Amino acid sequence: MSTIAIHAGEDRLRYADSITTPIVQTSTYAFKDTKELEAYTKGGKERYEYGRYGNPTEKVAEHRLAALEGAEDCVVFSSGMSAIVTTILSLVRSGDHLVITDDAYKKTLEFCSGYIQRFGVGCSIVPFGDYDALQAAIQPNTRFIFSESPTNPYLNIFDLARLHEIARRHKVLTVIDSTFATPANQRPLEWGVDLVMHSCTKYLGGHNDILAGAVLGRKELVEDIRDLHKAFGGVIDPHCCYLLLRGLKTFALRVRKQNESAMEVARFLEAHPRVRRVYYPGLESHRHHQIAKEQMSGFGGVVTFDVKGSLPVVKRFLDSLKLCYIAPSLGGVETLITHPGIVSYYNYSRQQRYALGITDSLVRLAVGVEDAEDIIADLYQALKRSARAEKR
Ligand SMILES: Cc1ncc(COP(=O)(O)O)c(C=O)c1O
């Protein structure tokens with residue numbers, strides 16, 4: 001994985017013998033003469049024409065991500081959401097129907113249950129993990145099933161072999177957002193999934209400094225998405241592509257460390273008297289631990305947990321942290337912590353939030369690459385302070 005993440009997708013000899021991938025910062029490409037122009041437009045010559053249709057730095061990123069995921073083809077985008085929306089719109093026609101699981105990323109759910117319906121596309125939302133409901137939701141016009149694994153914030157794991165079996169029987173496509181897993185921990189294409197999505201903003205970029213997205217899968221599916229992408233124009237900037245490639249060089253190292261540290265943090269939290277419950281697929285107590293063990297090679301860097309106490313106690317815990325930043329997102333080198341109730345579900349009533357399992361005491365920790373003992377020490381001192389808040 002490390003060797004692929006460092007070397008895949010580019011020629012050994014590069015511009016000016018550079019070891020690093022050159023940033024081709026251009027919006028257009030020059031043709032030597034009209035003969036070359038005609039050779040290109042008549043389709044005989046492979047080269048670059050205009051920035052929205054392709055860029056050499058972008059091409060390296062696409063090849064490298066495809067190699068990591070074991071995919072035939074890949075398209076990178078300016079964000080994860082750009083990748084998801086373009087992929088969904090490329091797969092459906094008016095009159096089609098899709099099925100999505102209920103704990104998908106909130107913006108993806110909103111797009112599928114709201115915006116896309118304007119174009120005459122139906123959507124059924126099914127409870128995650130209810131495979132009977134999933135089958136029952138499939139209609140003759142269903143084009144694909146969309147889900148995530150692991151999911152946010154409870155880190156539920158989709159049984160990908162079961163998904164593949166259901167989809168094959170009903171002749172529908174499958175799309176998995178594998179952002180939380182990364183190709184280092186899970187390779188959905190090997191389980192028969194048709195398309196894999198990533199928000200490269202997270203682990204693949206890995207430094208909390210870029211927005212990027214990707215879709216990966218069979219050439220014939222990805223080629224259609226690429227065509228629509230060229231029309232929508234949500235292309236990634238070449239400099240951003242360079243940062244993605246730079247981040248990828250340490251991807252395997254970072255994820256290995258994050259897997260190990262998250263496991264240590266999860267065990268520490270599970271044993272702590274101020275913590276009601278911990279959700280981490282690597283723990284035996286997680287409802288999908290068995291599936292996770294079978295289909296993942298690592299359990300990821302996100303740990304979700306319930307702090308004992310009311311909202312003011314939980315706020316006191318968060319405000320007492322000195323190392324972990326209060327911030328959304330995940331997958332970067334810095335440890336981030338977020339309160340889904342305050343951040344993602346701020347516009348829901350308490351009742352609506354609780355129905356979705358987003359309680360006042362729920363927090364999500366995205367473990368970075370700091371030393372695990374320092375992260376644990378920070379959590380320990382903040383939990384101690386939160387206990388004092390309750391006594392007052
Ligand atoms: C699972 C998942 N998919 C997709 C996205 C969207 O990615 P981006 O923020 O890069 O658009 C996110 C963002 O948090 C996410 O968590």
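Summary table
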item: Counting DSSP beta bridges with both ends in the chain, the antiparallel % (nearest 5); result: 55 percent
item: Dipole magnitude of the stretch 260-331 about its Cα centre (Cβ charges: Lys, Arg +1; Asp, Glu -1), debye to nearest 20; result: 360 debye
item: Residue (of PRO150, GLN139, SER178) at the positive-pole extreme of the stretch 120-187, dipole from beta-carbon charges; result: GLN139
item: J(HN,Hα) series, the stretch 163-168, from Karplus relation 6.51 cos²θ - 1.76 cosθ + 1.60, nearest Hz, glycine and proline x; result: 4, 4, 5, 5, 5, 5
item: Cα-centred dipole magnitude for the stretch 251-391, charges only on beta-carbon of K, R (+1) and D, E (-1), debye, nearest 20; result: 540 debye
item: Cα-based helix-to-principal-axis angle, 56-69 vs the chain, degrees rounded to 10; result: 50 degrees
item: Residues whose placed amide H lies under 5 Å from that of ASN156, excluding near-sequence neighbours; result: THR151
item: Vicinal HN-Hα couplings computed from phi for the stretch 320-328 (Karplus, 6.51 cos²θ - 1.76 cosθ + 1.60; Hz; Gly/Pro x); result: 8, 5, 10, 9, 6, 8, 7, 6, x
item: Most fluctuating residue given options ALA133, ALA266, ALA16, as computed from a GNM of the chain linking Cα atoms under 10 Å; result: ALA16
item: For the stretch 260-293 versus the stretch 332-375, the gap between their alpha-carbon centres in whole angstrom; result: 15 Å
item: Sum of -39500 (n - 2.57) over DSSP H runs of 4+, divided by residues of the chain (222 nm, nearest 500); result: -12500 deg cm²/dmol
item: Cα-based equivalent ellipsoid, the stretch 2-249: semi-axes from gyration tensor eigenvalues, Å; result: 33, 21, 15
item: Phi to ³J(HN,Hα) by Karplus 6.51 cos²θ - 1.76 cosθ + 1.60 over the stretch 301-314, Hz, x for Gly, Pro; result: x, 9, 10, 10, 8, 9, 7, 6, x, 7, 4, x, 5, 5
item: Test item: Cα-centred dipole of the stretch 2-249, Lys/Arg +1 and Asp/Glu -1 on Cβ, debye; result: 340 debye
item: For the stretch 204-354, alpha-carbon Rg over 2.2 N^0.38 Å; result: 1.27
item: Partners for LYS293 among aspartates and glutamates (Cα-Cα distance below 16 Å; same-chain residues under 8 apart left out); result: ASP159, GLU190, GLU260, GLU284
item: Amide N proximity, the stretch 46-75 versus PHE232 label position 7 Å along Cα-to-Cβ, cut-off under 14 Å; result: 75
item: Acute angle (nearest 10 degrees) that the helix 372-391 long axis makes with the longest principal axis of the chain, alpha-carbon atoms; result: 40 degrees
item: Cut-off under 5 Å, modelled amide H: who pairs with THR201 long-range; result: GLY80, ALA212
item: Eligible lysines near LYS230 by straight Cα distance, threshold 18 Å, same-chain separation 8 or greater; result: LYS59, LYS219
item: Hits among aspartates and glutamates - C-alpha to C-alpha of LYS322 under 15 Å, sequence gap 8 or more where chains match; result: GLU334, GLU370, ASP371, GLU373, ASP374, ASP378
item: Label zone at ARG14 (point 7 Å along Cα-to-Cβ), backbone N below 13 Å, the stretch 50-81; result: 56-62, 64
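Here, each number is a calculation from the coordinates, and none is a lab measurement. Note that the structure is a prediction, hence the values are computed from the model and not measured. Positions of Cβ are backbone-derived with ideal geometry, glycine not excepted, and every protein chain shown enters the neighbour counts.
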